[in-house]
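J.: Take a look at this one; I'll ask things after.
All of the numbers you see were taken from the coordinates with simple rules; none came from a lab. It should be emphasised that the depicted structure is a prediction, and the values quoted were computed from it without experimental measurement. Ideal geometry is used to build each Cβ from the backbone, glycine not excepted, and the neighbour counts take in all protein chains shown.
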Amino acid sequence: MEIPGFTLARQMDEIGQELLETMENVVNSGQFILGSPVAEFEEQVARFTHSRYAVGVGNGSDALYLALRALNIGPGDDVLTTPFTFFATAGSILRTGAKPVFTDIEVDTFNMDPEQVRTRITPRTRAVLPVHLFGLMTDVELIQRNSKVLVVEDAAQAIGAEVRGRCAGSIGDLGAFSFFPTKNLGALGDGGMVLTQGEEQAQVLRELRAHGSREKYYHEMLGINSRLDTMQAAILSVKLSYLPAWTSKRQHIARRYGESLGALSLDEVGLPTVPQGFTHVYHQYTIRASHRDQLRAYLKNQGVGSAVYYPLSLHLQPVLQDLGYRRGDFPISERVQEEVLSLPMFPELTDQEIDYVAETIGQFYGKRIG
């Protein structure tokens, strides 16, 4: 059996014709930059996340950068974040001229440890940037109580996730989404969005995404060119209607994995943890595995795709050496980077495929599953 770690082919089989009709409508409209579908999609996402405003931008990295810019974060400021995430998180901080300051993660959730945040705050700290990794939210409310500084949520992987009934991206001062094609809600290209509860911040974001201009050819601030284009907004609007069902399927897959892989010992496989009051949307189903690299090779030989997110924590990345961090500074992040393995996860996986993945992992550890 051949099972990819991820594929969009099956999704396209289901909704491809609807997307083609939507794309044809955009082409016939002649609106390609900030057309009416962009405003409509922004309103849909605002309703979906219980936010007052949503501002579409070119990609998830720009969403983070523009969120920080809208809060006037820049040179001389520190932004506290996690070392265990995709590079765009730190890169967006550096683009503003601010400095990323890292804090370690929780071994079970892979998210920054809210209890450590308090100890890392200094007079230079302007904001905390938690990442809702793999589809599970960081406890933003606890971070807000512990830090008393600005909070920007990196919700790139977590649209639809909740903590105590509050939606990812809607709790902090600002929240950022990515619509990269592999995300739970993915475009057929790049796209991103910033959420805010403030009208003034929403207006600033709209100006920043359009070269700092409110009125064409008049520029009040230094912005960038980062607009969610009409075609992607129209495509995402169609896909958003499917997102709740896709999320339910991801959660079903996760439960089935958990029921099967729970037969293995914790020394062999550590399963994703979902704290009470949290809703996981499983952008990835990521385990911690002993002999990870050998397991991954075994899965590949048996036709099962997998991936490692992320093999090198940010504080150890060569381009960030000037920040002064060394191996050993964040031991949990460094431990986890050697153990994490993301199993096949996309809504169209069948129960037979899920069981085959679990059984193959069991075979590797010499255990019978099922």
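J.: Quick one: pull the percentage of alpha-carbon pairs in the chain with a separation above 29 Å. If you can, show how the numbers build up before the last one.
T.: Working: 28718 of 68265 pairs.
Summing the P(r) tail past 29 Å for the chain gives 42 percent.
J.: So, one more: Which residues in the stretch 329-370 place their backbone N less than 12 Å from a point set 7 Å from the Cα of SER265 along the Cα-to-Cβ direction?
T.: Label zone hits: 366-367.
J.: Right, another one. Once phi is turned into θ = phi - 60°, what whole-Hz ³J(HN,Hα) does the Karplus curve with 6.51, -1.76 and 1.60 give for every residue of the stretch 42-53, x standing for Gly and Pro?
T.: Calculated HN-Hα couplings, in order: 4, 5, 5, 5, 4, 5, 4, 9, 6, 10, 7, 9 Hz.
J.: Mind checking the dipole of the chain: about its Cα centre, +1 per Lys or Arg Cβ, -1 per Asp or Glu Cβ, Debye to the nearest 20?
T.: Result for the chain is approximately 620 debye, rounded to the nearest 20.
J.: Let me ask something else. How far, in nm, would the chain grow between MET23 and TYR217 when pulled straight, counting 0.36 nm per residue and subtracting the alpha carbon separation?
T.: On the way: separation 194, 0.36 × 194 = 69.84 nm, distance 2.99 nm.
So the chain would gain 66.9 nm between MET23 and TYR217.
J.: Amide H of THR81: which non-local residues (sequence gap of 5 or more, or other chain) have their own amide H closer than 5 Å, using H built in the peptide plane?
T.: Here the answer is VAL101, PHE102, THR103, LEU129, since their amide H atoms fall under 5 Å of that of THR81.
J.: Given R₀ = 22 Å, FRET efficiency for THR273-GLN116 by Cβ-Cβ distance, to 0.05?
T.: Values: r = 17 Å, r/R0 = 0.79.
Computed FRET efficiency for THR273 and GLN116: 0.80.
J.: Apply the Karplus curve 6.51 cos²θ - 1.76 cosθ + 1.60, θ = phi - 60°, to the phi angles in the stretch 5-17 and return the couplings in whole Hz, x for Gly and Pro.
T.: Along the stretch 5-17, the couplings run x, 7, 8, 9, 4, 5, 4, 5, 4, 7, 10, x, 5 Hz.
J.: What whole-number distance in Å separates the alpha-carbon centres of the stretch 113-138 and the stretch 11-27?
T.: 40 Å
J.: Further, regarding this structure: Can you list residues from other chains, or at least 5 along the same chain, whose modelled amide H is less than 5 Å from the amide H of ALA161?
T.: Sorted by chain and number, the residues that satisfy this are ALA168.
J.: Residues with amide H under 5 Å of THR138's amide H, sequence separation 5 or more or different chain, H placed in the peptide plane at 1.01 Å from N; which?
T.: Those qualifying (amide H under 5 Å, at least 5 residues apart or on another chain) are HIS132, LEU133.
J.: Next question. List the relative contact order of the stretch 7-103 as a percent without decimals, with contacts defined as Cα pairs under 8 Å and 6+ residues apart. If you can, show how the numbers build up before the last one.
T.: Working: 69 pairs, mean separation 19.4, N = 97.
Computed value for the stretch 7-103: 20 percent relative contact order.
J.: OK, next. Which whole-number percent gives the relative contact order of the stretch 243-364, counting Cα pairs below 8 Å spaced six or more residues apart?
T.: On the way: 135 pairs, mean separation 45.2, N = 122.
Relative contact order for the stretch 243-364 comes out at 37 percent.
J.: Continuing with the same structure: What does the highest-first list of 194-207, 111-124, 133-146 look like by mean Cβ count within 10 Å? Numbers along the way, then the final one.
T.: Details: 194-207: 20.6, 111-124: 16.3, 133-146: 23.1.
Final packing ranking: 133-146, 194-207, 111-124.
J.: So which lysines pass the test for LYS183, namely a Cα distance under 24 Å, with those fewer than 8 places away in the same chain ruled out?
T.: Here the lysines satisfying the reach criterion relative to LYS183 are LYS239, LYS249, LYS300.
J.: Return the percentage of antiparallel bridges among DSSP beta bridges fully within the chain, rounded to the nearest 5 %. Intermediate values should be presented prior to the final figure.
T.: On the way: 26 of 41 bridges.
Given both bridge residues lie in the chain, the antiparallel proportion sits at roughly 65 percent.
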